[in-house]
1. What is the order of HIS28, HIS150, HIS214, fewest Cβ neighbours within 10 Å to most?
2. Above 25 Å lies some portion of the pair distances; for the chain, what is it as a whole percent of all C-alpha pairs?
3. Would you mind ranking VAL207, VAL195, VAL99 by Cβ crowding within 10 Å, fewest neighbours first?
4. Kindly rank 67-73, 21-27 from highest to lowest mean number of other beta carbons found within 10 Å of each residue.
5. Strictly over 18 Å apart at the Cα level, which of LYS90/LYS203; LYS20/LYS57; LYS95/LYS141; LYS95/LYS162; LYS90/LYS175; LYS162/LYS189 would you flag in this model?
6. Sort SER74, SER208 so the one with the fewest other Cβ atoms within 10 Å of its own Cβ comes first.
7. Where does each of 138-148, 41-51, 237-247 land if you order them by average Cβ count within 10 Å, highest first?
8. Give, to the nearest whole percent, the P(r) tail of region 199-240 beyond 11 angstrom, counting all Cα pairs.
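Read the figures in this text as sums done on the coordinates, not as results from a lab. Predicted model, so just to flag it, every value in this text is computed and none were measured. Positions of Cβ are generated from backbone atoms using ideal geometry, with glycine treated the same way; all protein chains shown enter the neighbour counts.
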Amino acid sequence: MTGLPLLEIKNLRKSYGAVKAVNDVSIHINRGEIAGMIGPNGSGKSTFFDCSTGLAKPDTGTVKLDGQDITGWSLNRIAREGRMLRSFQKTVVFKSLDVEENLIIAGQMFTFPSLWSTFGLGRMSRQRVSGLRERARELIKMAGLWDVRHQPAGNLSGGQQKLIQFASMLMPEPKLILLDEPMAGINPKIIERVVDTILYANKSLGVSFLVIEHNIDVVTSICQRVIVLDQGQKLVEGLPQDIIQDQRVREAYLGG
Ligand SMILES: Nc1ncnc2c1ncn2[C@@H]1O[C@H](COP(=O)(O)OP(=O)(O)O)[C@@H](O)[C@H]1O
Ligand SMILES: [Mg+2]
């Protein structure tokens, strides 16, 4: 553990044709931090995530995780070796498996390549599954899914599936999670649950976060620092209470 940032991104650029989606953005995320990223639609937030997590290759720039240069690594390698995960706006769960099975499989994802080793025989495997089951149950309780833990995920509401997806991301013990609009399209009760689960993951499990979020109440209540993108560039960054007062930020949102 050093003063080195957990994630350090320098001079990232990505163009799609004539569109400079991300135009020379540098940011860092500190260990233990929950940082927010905001900006009008089309300002480059998702593209910035894509280039940071290996889904897209940046045109130029460097991505360092825990001091290691991971620029150009694939999404899977970054998840498995770097332990940096990201979510997408679309919710993805194994619909026919129950809640607990969903989490256990997520926990296996980066260690065993085959689903069979999760549920198959073998002493090592069984021991490992029982460890994963314990962690899964802890997270299921935290996410408020205890009463439905044996139900197929496909039978549950969209909000509950979102919680399953989020709890699943915590199973492989990530260092850093990038969330792309986690609160989009979910009701206030589930928003509260997701917020609580993020805070629990941060405080009790030591996971750091970078969260793209339009819900400004959520941003101000969980983020220690907010980074604002506008037209592919970093407009400003700072404390949430300063950012929401900032004239440049207001103008960016008004299209001024
Ligand atoms: N795969 C792609 N192909 C072409 N253009 C893209 C692609 N992804 C993003 N863009 C363009 O890049 C710009 C930034 O988009 P995006 O990163 O999705 O912004 P945000 O997430 O802030 O809404 C937009 O003009 C968008 O149309
Ligand atoms: Mg987006």
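1. On the way: HIS28 17, HIS150 9, HIS214 14.
Ordered from fewest to most neighbouring Cβ atoms within 10 Å, HIS28, HIS150, HIS214 come out as HIS150, HIS214, HIS28.
2. On the way: 14695 of 32640 pairs.
For the chain, the share of Cα pairs beyond 25 Å comes to 45 percent.
3. On the way: VAL207 21, VAL195 17, VAL99 30.
The order, fewest Cβ neighbours first, is VAL195, VAL207, VAL99.
4. Numbers: 67-73: 14.3, 21-27: 19.9.
Result, highest mean first: 21-27, 67-73.
5. Working: LYS90/LYS203 26 Å; LYS20/LYS57 14 Å; LYS95/LYS141 20 Å; LYS95/LYS162 12 Å; LYS90/LYS175 22 Å; LYS162/LYS189 12 Å.
Cα-Cα > 18 Å for LYS90/LYS203; LYS95/LYS141; LYS90/LYS175; rest within.
6. On the way: SER74 13, SER208 22.
Starting with the residue having the fewest Cβ neighbours, the order is SER74, SER208.
7. Working: 138-148: 18.3, 41-51: 21.4, 237-247: 14.1.
Ranked from most to least packed, the peptides come out as 41-51, 138-148, 237-247.
8. Values: 598 of 861 pairs.
Beyond 11 Å sits 69 percent of the P(r) for region 199-240.
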